[in-house]
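The values are calculated or read from the model by the stated rules, or taken from the named source; none is laboratory data. Every value quoted in this text rests on a predicted model; they were computed, and no experiment measured them. Glycine gets a Cβ as well: all are built from the backbone with ideal geometry, and neighbour counts include every protein chain shown. Note: accessible area is taken over every heavy atom of the protein model, side chains too, but ligands, DNA and RNA are not part of it. Shrake-Rupley method; radii C 1.70, N 1.55, O 1.52, S 1.80 Å.
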Amino acid sequence: GPGQAEMYAGLQELGVANGEDLKETLTNCTEPLKAIEQFQTENGVLLPSLQYALPFLDLHGTPRLEFHQSVFDELREKLLERVSAIALEGKVEERYKKLEDLLEKSFSLVKMPSIQPVVMCVMKHLPKVPEKKLKLVMADKDLYKACAVEVKRQIWQDNQALFGDEVSPLLKQYILEKENILFSNDISFLQNFFSPSPKTRRQGEVVQKLTQMIGKNVKLYDMVLQFLRTLFLRTRNVHYCTLRAELLMSLHDLEISDICTVDPCHKFTWCLDACIREKFVDNKRARELQGFLDGVKKGQEQVLGDLSMILCDPFAINTLALSTIRHLQDLVGQDTLPRESPDLLLLLRMLSLGQGAWDMIDSQVFKEPKMEAELITRFLPLLMSFVVDDHTFTVDQKLPSEEKGPIPYPSTIPEAFTKFMQENRIACEIGLYYILHITKQRNKNAFLRLLPALVETFSDLAFSDIFLHLLSGNLTLLSDEFALEEFCTSLFDGFFLTACSRKENVHRHVLRLLLHLHHKVAPAKLESLQKALEPTKQSGEAVKELHNQLSEKLELHKPSPAEVTETPSMELPLPTVPTPASR
């Protein structure tokens, strides 16, 4: 076929006979058998000792093709070893000269499956494959596919669109993987989105593939960062910020100094990475991070855009927010005001920079966002007063009660708190983490008190996937409260259902939570929730699927009519014993 002809065409250029030549010889000769014998002699393996060995193999029924193939395979292995050896020996110029000559000789045979590996091996070892050869490879899908990544890098670095086509599906996969974790059906306060260590996350398939594609090539690294910035701007999806940091740290793990030394964020990211691993910013690292921020020189402010993207990574925000809550609790104990704590101010500074990433990259105005004084002088003291309320209430419970009767838990929220949650991004983020904190402590009173403030928050942060993922995990610690009508009404009717119809993701999170805790919910409430959460015409597949799963589970859990009637009417109330866990 024409494929064959094209495949072996290169042989003639090298003065090697091919099938076409044999055909020609046989067409123009009088004694075909003699001609074949002569062709074999001229084009066979030129070893005198073979003259006698070949007839012997013939006697054993070994086809000549099989023999030549095995000789050829053996020679090819030797040649591949030799090419790899040449690439390491002698003076740099000389070895590359040898390889270039070899490429010149062999490239015409690149279509022959038997020779292709050799040609590819030569190219792989050449730091600069001649432009003309790269163009030929690029133009041929199969050749491009067969290329080593070392050769592809040389093609990619001058073809951003082609590189983008290779990277794009990986970035899509990365975002999908993140969303799958946030919406996974396993709900637990022990294992959540933020549980895997940075080192574990960097072993992920996408990060590893991108690291491999980039190698030590600064140009390709810059291209990937450019893709991530563009996508972050286009979608506001913060997972691209995580990938930005993971990629840099993956190259750091491999000690690729060619790239790490030119990325101005390297040392900052490395220090922050250690904080993320500990889920806490300690004093020593706080000083170090502050040094980097204070060290941004005039004329280099653009680095703030990169630093803000590193700080906008949800894993960074999580660490900064958790550290902020811990600091506030310490300050209550020390009777110190937020504005007197430099460590706390630094955490807020980094939170502001991270939360301002999108605006900074969008506007291209590279300066740190102004911190609002009110955040420090009014909002944080408010949170501290909540901590104090809890202490007071707990102590009051333990005091012997006089005639005054039990002191009720404060149920109102200061208006200022609600206003901050609506209007100030940093306040809102810290407020949400405070709510996660009290839920994790199983502090039902504090949770119910602050819950109404979540219905309207800055940019709907309380309905973001990360917050709802963490909240549903922590709510499993309050699972016994789900039997109480009042608790369910506050949580579902008062919070979740206010957004379900306008936000598909909230609908999904509520269904996830119910799938996990349905057996704890009072049956009447469960039934009304099942109705309220019915998918609408607009609902996506995920919501329908979850609702089906929930309905199936509820079918299985329904008591049969027979069981209901057999319940003895004289139920003795069991004494309620407080479990140690609920303290």
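Points to keep in mind about this one:
- Relative contact order of segment 160-374, pairs being alpha-carbon contacts under 8 Å that are 6 or more residues apart, as %: 20 percent
- Greater than 22 Å apart at Cα, pairs in 279/440; 178/520; 145/209; 279/367; 440/531; 105/135: 178/520; 279/367; 440/531
- Rolling a 1.4 angstrom probe over segment 160-374 with all protein chains present gives an accessible area of which 52% lies on carbon and sulfur atoms.
- Charge tally around residue 437: other residues with Cβ under 12 Å, Lys/Arg +1 each, Asp/Glu -1 each, net +2.
- Entries in 23/128; 133/199; 152/172 that, when Cα-Cα distance is taken, lie over 31 Å: 23/128; 133/199
- Using the Karplus relation 6.51 cos²θ - 1.76 cosθ + 1.60 with θ = phi - 60°, the per-residue 3J(HN,Hα) values for segment 242-257 come to 4, 5, 4, 6, 4, 5, 4, 6, 5, 5, 5, 4, 8, 6, 7, 5 Hz, with x marking Gly and Pro.
- 15 Å beta-carbon shell around residue 485, net charge (K/R +1, D/E -1): -2
- For segment 160-374, the spread of Cα positions along each principal axis, largest first, Å: 59, 48, 32
- Here the Karplus curve 6.51 cos²θ - 1.76 cosθ + 1.60, taken at θ = phi - 60°, turns the phi angles of segment 426-443 into couplings of 5, 4, 4, 4, 5, x, 5, 5, 5, 5, 4, 5, 5, 5, 5, 7, 6, 8 Hz, with x standing for Gly and Pro.
- Cα shape, segment 197-316, gyration tensor, a/c 1.5 rule: rounded
- With the gyration tensor restricted to C-alpha atoms of segment 361-477, the semi-axes of the equivalent ellipsoid amount to 31, 17, 11 Å, longest first.
- Surface exposure of segment 433-517, expressed per residue as accessible area with a 1.4 Å probe, stands at 32 Å².
- log10 of Debye I(q)/I(0), alpha-carbon scatterers only, for segment 267-371 at 0.12, 0.14, 0.20 Å⁻¹: -0.39, -0.52, -1.02
- For residue 279, the solvent-accessible surface with a 1.4 Å probe is about 70 Å², rounded to the nearest 10.
- Reduced Cα scattering model of segment 189-255, Debye log10 I(q)/I(0), q = 0.16, 0.19, 0.21, 0.27 Å⁻¹: -0.57, -0.77, -0.90, -1.24
- Applying both filters, DSSP loop and at most 12 other Cβ atoms within 10 Å, to the trypsin sites (Lys or Arg not before Pro) of segment 369-472 gives 370, 404.
- Normalising the average separation of contacting C-alpha pairs (under 8 angstrom, six or more residues apart) by the number of residues puts the relative contact order of segment 371-524 at 19 percent.
- Peptide ranges 353-364, 293-304 listed from the most packed, as the mean C-beta count within 10 angstrom indicates: 353-364, 293-304
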